[in-house]
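The values are calculated or read from the model by the stated rules, or taken from the named source; none is laboratory data. Just so we're clear, the structure is a prediction, and the values are computed from it rather than from any experiment. In this analysis, Cβ positions are derived from the backbone assuming ideal geometry, glycine residues included, and neighbour counts consider all displayed protein chains.
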Amino acid sequence: MLFALNENNVKIAATPKARGKCPSCGETVIACVGEIIYPYWRHEQKSPSNCVAAQYENEGEWHATWKFLFGKEFAEQYIRQGDKTRRADVRLNNGLVIEIQHSSIDTREIRARERFHHKMIWVFDASGPVAAGRLRYEQGYFHWIKPRISIRNCQVPVFLDVGFGSTFEIHELEIKKILKEDWHTYRTTVFKGTGKLMTRDEFKGKMFFADEALKNASPVSDFKKQYFNIGPSIQLDLF
Ligand SMILES: [Zn+2]
């Protein structure tokens, strides 16, 4: 949790010895600031009563980089639907949600978030596989050995953070099994796909544009289709 609220309900970042209010449950949160950890807030009470924010207490620098890209106004928003509250990592003016995923996530949770937010896109951290040489990309194409399998179950647009300030928007994804030889021969999964490589700023521009263009997107129809139907010529004007 990067932001708590002060007494005027303004979002504040964690600074040494600060105290604040949890934006979701209203309980007291205390700032955790150290030399190694990225500053964050945690509930004063060790096990806060079912607060959704408690699930997200200790997120690191990677999350912070993406949230600060959009500004604190849009970061960490708590959305209530009926008796359910979920947190959106980033939610723009017209409701487009950007979920930023560093750790592994199972298919059930992917489905649950997509059903809840509907108008959303995913950003997965893929910088590790790039550094390990398992994910290769160039403009228009990528190839990923031993990928994050759960990504294939995403029903909304997916971006990969490939590191070096670049983001890859997946257009088409093909899943293959290949034979690989290291110490021994084994079958492994490979993602092969097409897409668009963009800088973080281009990504940000596109998200604000998509948020505006898709503000009337119907919650019952295929959001991914609507997203990719945004006129390509207008998209190009952005960059
Ligand atoms: Zn709370």
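So here's what we get for this one:
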{"read-out": "GLY195 vs. criteria surrounded by 14 or more Cβ atoms within 10 Å (Cβ to Cβ) and assigned to a strand (DSSP E or B)", "value": "yes"}
{"read-out": "Residue pairs meeting the criteria (Cβ under 7 Å; at least 6 apart or on separate chains; first closer than 19 Å to PHE203 by Cβ and in contact (Cβ under 8 Å) with a residue 40 or more places away in the chain, in the range 51-66; second in a loop (DSSP other than H, G, I, E, B) and more than 10 Å from the ligand (Cβ to nearest atom))", "value": "TRP62/HIS102; HIS63/HIS102; ALA64/LEU2; ALA64/TYR38"}
{"read-out": "Answer from LYS72, LYS46 - the residue that is loosely packed, with under 13 Cβ neighbours inside 10 Å and assigned to a loop (DSSP other than H, G, I, E, B)", "value": "LYS46"}
{"read-out": "Evaluation of ASN93 against (1) more than 19 Å from SER150 (Cα to Cα); (2) at pLDDT below 95 (one fails), failing number", "value": "(2)"}
{"read-out": "Any hit, the range 92-104, residues being out of contact with any Ser or Thr (no Cβ under 6 Å at 6 or more places or on another chain), within 16 Å of the ligand (Cβ to nearest atom) and not basic (Lys, Arg)", "value": "no"}
{"read-out": "Residues (in contact (Cβ under 8 Å) with a residue 24 or more places away in the chain and of a type in the set (Asp, Glu)) located in the range 1-43", "value": "GLU27"}
{"read-out": "Filter pass, ALA4 being within 16 Å of the ligand (Cβ to nearest atom), within 24 Å of SER127 (Cα to Cα) and part of a strand (DSSP E or B)", "value": "no"}
{"read-out": "Enumeration of residues in the range 115-144 that are of a type in the set (Gly, Ala, Ser) and crowded, with 22+ Cβ neighbours inside 10 Å", "value": "ALA126"}
{"read-out": "Residue under evaluation ARG108, criteria (1) loosely packed, with under 13 Cβ neighbours inside 10 Å; (2) touching a His at 6+ places or on another chain (Cβ under 7 Å), criterion not met", "value": "(2)"}
{"read-out": "Members of the range 23-43 that are among the acidic types (Asp, Glu) and surrounded by 12 or more Cβ atoms within 10 Å (Cβ to Cβ)", "value": "GLU27"}
{"read-out": "Residue in the range 208-231 that is assigned to a strand (DSSP E or B) and exposed (fewer than 13 other Cβ atoms within 10 Å of the Cβ) present", "value": "no"}
{"read-out": "Subset of the range 12-58 (residues that are more than 14 Å from the ligand (Cβ to nearest atom) and basic (Lys, Arg))", "value": "LYS17"}
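Yes/no per residue for (1) without any contact (Cβ under 8 Å) to a residue 40 or more places away in the chain; (2) assigned to a strand (DSSP E or B); (3) within 12 Å of the chain's Cα centre (by Cα):
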site	(1), (2), (3)
ILE100	yes, yes, yes
ILE110	no, no, yes
ILE121	no, yes, yes
HIS143	no, yes, no
PRO147	no, no, no
LYS177	yes, yes, no
TRP183	yes, no, no
